[in-house]
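Have a look at the structure below before the remarks.
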Amino acid sequence: MIQSMTGYGKEVVQLPSKTISIEIKSLNSKGLDLNTRVPSAYREKELEIRDLLAKSLQRGKIDLSLYIEVTGEEVTTILNEGAVKQYIKQLANVVNGDPVELLKMAVRMPDALKTEREEIDEKEYESILKGIEKALAAINQYRTDEGSVLENDFLERSKSISNLLDEVIALDPERIDGVKERLRKAVADLKEKVDENRFEQELIYYLEKYDITEEKVRLKNHLEYFEQALNSEDSNGKKLGFITQEIGREINTIGSKANYAPMQQVVVQMKDELEKIKEQALNVL
């Protein structure tokens, strides 16, 4: 079962005096690109949180946001009374004003408010870790659901390419007859007596040059391998990418050897389906 790299998970942890919101978003990326936004009090735990994300999500552009809202009486910012009194005294020496107005100006001055450094509450941190785990479970479920949609699309387009390959196989005898006829006509236009043995040798040369038997077999095998990779236990977007490259190589070779308009039109359709697969494969974990 494949997984998408695109996902979203959110968990809200309600504590007696705080509400903790955890959001995790992920987009496609070649590797693992982690970005975390956590309160300053939890900076020392950031590496542990990043490791937790890396183990669970493995790959993608990951953004984690941790918000803590104080809902009770607990506050970490306090009034610096000494500094405020000094500001009021100095302002009173400059202007005659109402004490309330002077206070309003004083609290806007630097150092009028100070923030006490919070110590990490281990029980609170345990609640945060549990919340992160639930958010990770949510985003992984999201990725799995998106992966199921991608898988259905891949199977549909892979089947389409397989059907188009059947058309190529059906057109091949007609194409070879056309190659033979063009060679005979070219010789006839020369109005010269033809050495049949020489003609047969030239005919064999051109038929081998335009032969696509190996490409048809390899393309069929690659398509089967692609479907097997979709059904494997792990989700490996890079493997799918490699297989699509091989599929593209065989399709391109068939197109270059075709030398037959009806077959080339089918090849164009195959390329169109493959490009859509390649675009979506970039989103696979």
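Values quoted throughout were computed directly from the atomic coordinates according to the rules given, and no laboratory measurement underlies them. Computed from a predicted model, the values in this text were never measured in an experiment. Cβ: placed from backbone, ideal geometry, glycine included. Neighbour counts: every protein chain shown.
Key figures for this structure:
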{"item": "Listed candidates (1) 6, 22, 22, 19, 14, 9, 5, 2, 0, 0; (2) 6, 19, 16, 14, 12, 10, 8, 6, 5, 3, 2, 1, 0; (3) 6, 27, 33, 24, 9, 1, 0 - label of the one calculated as P(r) over Cα pairs in 10 Å bins from 0, in percent", "result": "(2)"}
{"item": "Distance between modelled label sites at Q228 and Q58, nm, 7 Å Cα→Cβ extension", "result": "1.9"}
{"item": "Convex hull of Cα atoms in the stretch 85-171, direction-averaged projection (nm²)", "result": "14.2"}
{"item": "Dimensionless Rg ratio for the stretch 207-250, taking C-alpha atoms and the 2.2 N^0.38 Å reference", "result": "1.36"}
{"item": "Part-to-part distance (alpha-carbon centres) for the stretch 160-181 and the stretch 2-65, which is given in Å", "result": "52"}
{"item": "The chain: angle of helix 46-57 to the longest principal axis, Cα-based, in degrees nearest 10", "result": "30"}
{"item": "Computed label-point distance, nm, for sites S256 and L32 using a 7 Å Cα→Cβ extension", "result": "4.0"}
{"item": "Relative contact order %, the stretch 234-285, counting alpha carbon pairs below 8 Å whose residues are six or more apart", "result": "62"}
{"item": "The chain: relative contact order in percent, alpha carbon pairs under 8 Å with at least 6 residues between", "result": "26"}
{"item": "Helix axis angle, 196-210 relative to the chain longest principal axis, alpha carbon, degrees", "result": "10"}
{"item": "Label-to-label distance, nm, for residues given as V149 and I78 (7 Å Cα→Cβ offset)", "result": "5.2"}
{"item": "Length released on extending from R218 to L91, taking residue separation times 0.36 nm less the Cα-Cα span", "result": "37.1 nm"}
{"item": "Angle between the chain longest axis and helix 122-189 axis [Cα atoms, degrees, rounded to 10]", "result": "20"}
{"item": "Computed Kirkwood radius, in angstrom, where 1/r is averaged over Cα pairs of the stretch 1-153", "result": "18.6"}
{"item": "Kirkwood-based Rg to Rh ratio, the stretch 1-89, C-alpha trace", "result": "1.20"}
{"item": "Local electrostatic count at L27 - Lys and Arg +1, Asp and Glu -1, tallied over other residues with Cβ under 12 Å", "result": "+2"}
{"item": "Model label zone, K238; criterion: amide N under 14 Å from point 7 Å along Cα-to-beta-carbon; scope the stretch 19-43", "result": "29-33"}
{"item": "Stretchable slack from S127 to Q264, in nm (0.36 nm times residue separation minus alpha-carbon distance)", "result": "43.2 nm"}
